[in-house]
Amino acid sequence: MRRTVLLTLLPLLFFAACTPTDEGGPVVQVGEACSGTGTICSDVAQDQLLRCDNGVLVVAEECGASGKACQNGACVADEEVGGDCAGKDGQSACSGSKLVVCTDSKWTESKDCATEDKLCVEEEGGAVCKDKPEEVDNTPPSDETVGEGDAIIQPDGEEETPDSDAEMQCTPFETAPCYHGPSNSDGVGICKSGLATCGASGYWGPCDGEVLPTAEICNNGIDENCDGEDGTEANTDDYDGDGYTYCTGDCCEFDYECPVPVMTNPDAAEIKSNSVDDNCNGKVDETISCDNGLTVSADTASSAIALAKAAGMCDPWILSAELGLAGTPVTEQIADGPEGSSTISRPSLTKPYYDGSYKTYAVPPVFGQALVAKEGAALAVLSTGPWDSPTMDAANATLQGGDMKTASTVPEDWINRQPNCEVPKAPSCGGADPDPNIQNSCAGKDPLAVQDPIMLTVKLKVPINAVAFQMNTYFCSIEYPTTVCSSENYNDFFIALLDSTYNEVNPTSSNPNPFDKNLAKDEAGNPVGVDLAPAGLFKICNPTCGGALSNTNPYGVCTGDLEIVGTGFESQTIMGMCSGHGCTGWLLTAGNVVPGEEITLRFAVFEQGSVAYGPDHSWDSTILLDNFEWLTKETKPGTGAQE
């Protein structure tokens with residue numbers, strides 16, 4: 001008596017192909033019969049990944065469409081050793097069995113997993129060598145496929161022990177009832193058996209009409225997972241252990257529903273272009289934006305939240321935001337009038353300056369006439385002077401001359417890691433390379449004071465599926481190019497400090513966060529400021545202009561300044577003399593984090609140095625922040641050019 005084989009749901013995929021190969025074995029292709037769960041690569045269509053859907057192989061993913069190859073039942077990026085990987089330094093990938101690492105913008109072989117009889121597999125954190133999985137059974141399912149004690153549904157409904165001598169599964173064109181779900185679920189809830197027809201090759205075809213268990217929709221009176229009861233919070237299990245069930249907001253408990261179930265739940269952030277409903281809100285790859293209708297004012301509490309959202313940091317990840325100076329306010333000795341006037345002791349204001357005429361922060365949709373937000377409807381602006389009208393030379397300390405009446409110390413945990421307790425000189429200007437051995441360099445010294453400081457501090461909850469973040473930054477300065485590599489270190493400064501447990505949790509990481517916490521420096525350790533010019537990262541400027549006393553630009557990397565027209569940082573020609581300033585252009589600032597932890601980001605810009613009237617409050621600088629996003633793969637921390 002011929003019979004159908006009943007398989008329970010397994011982590012592997014079995015299929016019963018009706019089309020044999022030349023060698024007599026089955027062909028893995030769309031439309032062939034199958035059972036169980038999992039994925040397998042097609043024998044017929046190149047780089048096509050298949051899965052079992054109601055007893056039939058269907059397309060799970062066209063790997064080639066995303067530039068990937070189908071290997072070992074998965075779509076993987078098959079990078080070429082020696083191939084280009086610009087912008088991915090430090091990241092790892094697979095090249096066949098070889099694990100490759102991006103070094104100096106080229107894929108370089110790290111190890112060959114095959115020498116350890118392992119496979120190279122790409123996971124969320126990068127490529128790893130893993131033990132080979134059990135091979136998928138790519139022969140037609142036979143009676144031997146049935147495990148000891150498994151039930152086999154006969155055409156007449158009787159059960160029989162499998163006959164290992166059978167040459168074929170069935171007689172061509174005969175029919176029989178069939179069911180591929182758990183044996184105790186047939187006829188329970190929505191589940192029911194179907195009818196299979198034997199193909200001409202003697203193998204059973206699809207199980208037409210069967211209904212298998214699906215994800216339970218809670219409290220709707222229907223038993224979708226066929227366990228005998230409607231799902232409730234009390235009786236529904238958390239299968240993937242992520243703290244959520246189908247009844248408490250989870251939308252993925254098993255890997256046939258999504259790639260990484262434990263990272264798909266309401267505690268996850270929506271990730272761009274991964275075709276997954278990461279946060280289980282019923283939408284896939286939706287754009288998350290929170291900067292519509294934002295305003296700022298002299299109220300720093302509400303303005304801080306607006307600035308964070310304008311930068312792209314959205315609920316529910318924002319825990320708090322503060323807007324203030326870079327440290328403790330200090331008292332300055334400053335001329336009470338033009339140069340030569342007697343000096344006075346002037347205590348600093350306790351928060352950044354903001355009134356109807358002079359605003360040091362803003363959330364505009366456009367900076368100047370042409371520079372629009374990278375994402376959403378606004379960008380965050382922090383400035384050492386009026387954000388929309390930067391000042392240049394000034395004979396005395398006035399609001400019109402850029403004096404925002406503020407001065408403070410700088411973050412102690414940052415300055416204590418700098419040589420001689422001083423703002424570091426860029427290596428591209430002859431400064432020392434960063435030294436992780438420096439600690440407590442300010443011991444016994446007066447605190448460093450800076451002028452016109454402004455700092456935005458944001459505390460964030462890291463989503464459960466994030467291991468890194470990135471955002472866009474854009475630095476502009478009136479000081480360019482006059483004070484580039486100045487011997488007196490006139491270099492308005494931007495810092496982006498990250499407080500995270502990443503380095504402690506990952507002590508052997510090849511991509512640790514900076515030892516001094518400052519992400520605002522390039523790969524060579526050059527801090528973000530005008531001293532980036534020799535390193536080639538100060539590019540939005542007029543190549544024919546210099547400073548106020550020169551019309552020659554010595555750096556040769558300016559690409560033009562049309563995008564900053566109307567900002568006050570563009571070049572101007574007065575009486576035949578071109579006076580130019582400039583900006584970096586959009587940079588990419590990134591850091592690594594630990595899923596689920598709380599991190600703190602501090603963004604500060606300030607001036608330093610002295611002029612004739614006292615501490616320098618002139619020649620303003622501005623930083624733009626935008627397009628913050630969480631990442632699911634480790635990144636190279638720091639700041640570099642936007643690709």
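The values are calculated or read from the model by the stated rules, or taken from the named source; none is laboratory data. Computed from a prediction, not measured in an experiment: that's the story for all the values here. Here the Cβ positions follow ideal geometry from the backbone for every residue, glycine too, while neighbour counts run over all protein chains shown. Note: accessible area is taken over every heavy atom of the protein model, side chains too, but ligands, DNA and RNA are not part of it. Shrake-Rupley method; radii C 1.70, N 1.55, O 1.52, S 1.80 Å.
So how exposed is Ser579, as accessible area in Å² (1.4 Å probe, rounded to 10)?
30 Å²
Roughly how many Å² is the accessible area per residue of segment 205-319, as a whole number, for a 1.4 Å probe? Could the numbers behind the result be given before it?
Working: 5540 Å² over 115 residues.
Per residue, segment 205-319 has 48 Å² of solvent-accessible surface.
Take the Cα of Asn292, step 7 Å along the line toward its Cβ, and report every residue of segment 262-286 whose backbone nitrogen sits under 16 Å from that point.
Within reach of a label on Asn292, which here means backbone N under 16 Å from a point 7 Å along Cα→Cβ, segment 262-286 contributes 286.
Could you please state how large a percent of the accessible area of segment 401-443 is carbon and sulfur, counting protein chains only and using a 1.4 Å probe?
Within segment 401-443, the accessible surface is 41 percent carbon and sulfur.
At q = 0.10, 0.23 Å⁻¹, what base-10 log of I(q)/I(0) does the Debye formula yield for segment 238-354 when every alpha carbon is treated as an equal point scatterer in vacuo?
Log10 of I(q)/I(0), two decimals: -0.54, -1.17.
Once amide H atoms are built 1.01 Å from N in the peptide plane, which residues 5 or more positions from Phe628, or in another chain, come under 5 Å H to H?
Those lying under 5 Å, H to H, from Phe628 are Gly312, Met313, Asn472.
Got a sec to turn the phi values of segment 368-373 into Karplus ³J(HN,Hα) couplings, 6.51 cos²θ - 1.76 cosθ + 1.60 with θ = phi - 60°, whole Hz, x for Gly and Pro?
x, 9, 9, 8, 8, 4
Ignoring ligands, DNA and RNA, what accessible area per residue does segment 497-643 give at 1.4 Å, in Å²?
Heavy-atom SASA per residue in segment 497-643 reads 36 Å².
So what is the accessible area of segment 392-451 per residue, in Å², with the probe set to 1.4 Å?
Spelled out: the 1.4 Å probe surface of segment 392-451, per residue, equals 49 Å².
Once Rh for segment 266-306 is found with the Kirkwood sum over Cα pairs, what is the Stokes-Einstein diffusion coefficient at 10 °C and 1.306 mPa s, in µm²/s?
129 µm²/s
Beta carbons within 10 angstrom, averaged per residue: use that to sort the peptides 403-414, 184-195, highest first.
By packing density, highest mean first, the sequence is 403-414, 184-195.
Within the accessible area of segment 560-625, what % is carbon and sulfur when the probe is 1.4 Å and the other protein chains stay in place?
Working: 1170 of 1900 Å².
Percent of accessible area from carbon and sulfur atoms in segment 560-625: 61.
Estimate the FRET efficiency between Ala301 and Asp208 by the formula 1/(1 + (r/R0)^6), using the beta-carbon distance for r and 51 Å for R0, to the nearest 0.05.
Calculated transfer efficiency: 0.20.
Can you divide the C-alpha Rg of segment 361-458 by 2.2 N^0.38 Å and report the result to two decimal places?
1.38
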